[in-house]
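Please read the structure below before turning to the comments.
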């Protein structure tokens, strides 16, 4: 199953961003991460929007297999969760289309 997801992610990376609509909302919070070469990414982190396609061109992301641990809903068939910076993105496995963006839970207020 994991190898199928990795293959799907590879397909996502080759998918074009052409025709993607920029639907709100947008979330920030991704921190620059090390590129595959080990060199840090000095540019500002990308702010993904619904309707965009996930791409390694904007930095590294991690596949989230234990989505329930992070209080995320079970992804529908053909989708998976990835973590980019502090946010979780629900991504279509075939083309990397971002269909949901979830910010991490806020810590409780002191008091």
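Put a dot 7 Å past the Cα of residue 47, heading toward its Cβ, do the same for residue 102, and the two dots end up 2.3 nm apart. Neighbour counts of C-beta atoms inside 10 Å place 66, 86 in the sequence 66, 86, starting with the fewest.
All of the numbers you see were taken from the coordinates with simple rules; none came from a lab. On a predicted model such as this, the values are computed, not experimentally measured, just so you know. As a convention, Cβ positions derive from the backbone with ideal geometry for all residues, glycine included, and neighbour counts pool all protein chains shown.
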